[in-house]
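**Q** Mind looking over this structure? Questions follow.
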Amino acid sequence: MIVKSKSINKDTKKNLYIVSTPIGNLNDISFRAVETLRKSDYVLCEDTRVSRNLLDKYQVKVNLISNHKFNEKKNLFKIIKLIKEGYYISLISDAGTPSISDPGAVLIKECIKNDIEVIPLPGPSAAISAVSISGFSEKFFFYGFFPEKKKILTEDLDALSKIDFSIVFFISPKKINKIIPFIKKNFAGRKILICREMTKFYEEYIRSEVNELELLRNNLKGELTVVISEKTNHKKNLQILSESDKRLINKMINKLSIKEISELVNRNSKISKKTIYNYCLKIKNEK
């Protein structure tokens with residue numbers, strides 16, 4: 001089967017541009033993003049006041065269309081019509097990359113249905129930024145915002161606890177203390193990084209063992225990005241006999257049975273009995 005590739009529409013006005021904006025520090029916007037916004041006839045945004053602050057900094061004079069989670073479905077027909085008529089349309093969110101836990105996915109799906117190319121302008125991402133400094137596994141699962149309903153929250157966290165990757169969540173500071181007990185229940189034994197106000201003046205990074213995580217102060221501001229580490233692989237780490245264990249086994253090998261040695265060393269070091277047993281057999285065969 002031959003799959004035909006599709007080239008980008010040469011008429012750049014008949015595309016939808018997904019423009020990433022800073023997650024805090026307004027200096028983090030790309031040159032290409034500013035250029036694209038200046039070319040736009042209309043820019044779709046969540047909060048016109050927030051977006052105007054960014055656009056004014058870079059002297060971008062453009063018409064704004066409010067496009068948030070409460071009206072994005074209602075806007076669909078109008079926006080698709082504008083793109084088909086040749087207007088240059090860009091989509092931004094208040095911070096970061098549109099459609100990732102932000103409005104945009106509904107419009108993007110509609111553009112695809114209408115054979116309109118969707119062009120990404122990569123840029124700041126709270127999830128990527130948090131994972132990059134976490135010190136955890138680079139393999140990660142992005143979940144986004146915690147659900148409101150306790151039943152869904154419980155089911156999802158139970159499923160996520162079985163994933164052996166880093167896991168990224170978004171949460172408001174008003175809800176974090178309600179979520180912490182759920183985190184401790186489902187991710188015990190892991191590490192956690194809580195990022196607050198990333199790239200801003202009061203940015204803060206809280207690192208802790210999940211088991212030792214305490215409730216945060218109530219006056220926190222700014223959306224939180226939470227990264228939970230991959231599982232701590234105790235089983236893998238504990239299958240290697242230490243030099244002291246080997247010396248102890250060598251002293252006992254002619255005095256006790258292999259079964260007795262295995263039980264004794266296992267009781268003191270948590271090394272699996274199978275590992276100890278195999279080492280004892282190896283010593284016996286070498287003699």
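**Q** What aspartates and glutamates does LYS139 reach when the alpha-carbon gap must be under 16 Å and sequence neighbours fewer than 8 apart in one chain are set aside?
**A** ASP164, GLU230
**Q** What ranking of GLU230, GLU203 emerges when the number of other C-beta atoms within 10 Å of each C-beta is taken as an exposure proxy, fewest first?
**A** GLU203, GLU230
**Q** Would you mind calculating the relative contact order of the chain from Cα pairs under 8 angstrom and at least 6 residues apart, reporting the percent as a whole number?
**A** Across the chain, relative contact order equals 16 percent.
**Q** Local charge sum around ILE171 (other residues, Cβ-Cβ under 11 Å, Lys/Arg +1, Asp/Glu -1)?
**A** Summing Lys/Arg as +1 and Asp/Glu as -1 gives +3.
**Q** Over 19 Å between C-alpha atoms is what I'm after, so list which of LYS39/LYS69; LYS162/LYS231; LYS61/LYS113 land there.
**A** Exceeds cut-off: LYS39/LYS69; LYS61/LYS113.
**Q** Report the GluC sites (Glu not before Pro) located in the range 11-113 that are in a DSSP loop and have at most 13 other Cβ atoms inside 10 Å of their Cβ, or state none. The partial results should precede the final answer.
**A** Numbers: sites: GLU35, GLU46, GLU72, GLU85, GLU110; in loops: GLU46, GLU85.
For GluC sites (Glu not before Pro) across the range 11-113 that sit outside H, G, I, E and B with at most 13 neighbouring Cβ atoms in 10 Å, the list reads GLU85.
**Q** Additional query: Could you please report the charge total around GLU212, scoring K, R as +1 and D, E as -1 over all other residues with beta-carbon less than 11 angstrom from its beta-carbon?
**A** Net local charge, GLU212 excluded: +1.
**Q** Looking at the chain, identify the longest residue range that excludes and avoids all chymotrypsin sites (Phe, Trp or Tyr not before Pro) in DSSP loops having at most 14 other Cβ atoms within 10 Å.
**A** Formally, the longest exposed-site-free interval is 71-200.
**Q** At 0.36 nm per residue, minus the direct Cα-Cα distance, what do GLU260 and LEU216 gain on full extension? Give it in nm, one decimal, please.
**A** Taking 0.36 nm per residue and subtracting the Cα distance, the gain is 10.9 nm.
**Q** Additional query: What's the exposure ranking of LEU91, LEU193, going from fewest to most Cβ atoms within 10 Å? Don't skip to the answer; put the middle values down first.
**A** Details: LEU91 28, LEU193 21.
With the fewest neighbours first, LEU91, LEU193 line up as LEU193, LEU91.
**Q** Rank the residues ILE100, ILE261 as a footprinting-exposure proxy: fewest other Cβ atoms within 10 Å of their Cβ go first.
**A** ILE100, ILE261
**Q** Okay, moving on. Would you compute, from DSSP H runs of 4+ residues alone, the mean residue ellipticity of the chain at 222 nm, taking -39500 (n - 2.57) per run and dividing by the full residue count, rounded to the nearest 500?
**A** Counting only the DSSP helices, I get -11500 deg cm²/dmol.
**Q** Quick one: among LYS150, LYS162, LYS174, which has the greatest mean-square fluctuation in a GNM of the chain with alpha-carbon springs under 10 angstrom?
**A** Among LYS150, LYS162, LYS174, the largest GNM mean-square fluctuation belongs to LYS150.
**Q** First select every other residue whose beta carbon is under 13 angstrom from the beta carbon of ASN63; then total the charges, Lys and Arg +1, Asp and Glu -1.
**A** Every neighbour counted, the sum reads +4.
**Q** Please compute, over every Cα-Cα pair in the chain, the percentage with a separation greater than 29 angstrom. Mind showing how you got there, number by number?
**A** Details: 21875 of 41041 pairs.
The share of Cα pairs beyond 29 Å in the chain comes to 53 percent.
**Q** Using only the alpha-carbon atoms, how far is helix 243-252 inclined from the longest principal axis of the chain? Give it as 0 to 90 degrees, nearest 10.
**A** Once rounded, the angle reads 30 degrees.
Quick note: the coordinates plus some simple rules give every number you see, no bench work behind them. Owing to the predicted nature of the structure, the values given are computational and were not obtained by experimental measurement. Every residue, glycine among them, receives a Cβ derived from its backbone with ideal geometry; neighbour counts consider all protein chains shown.
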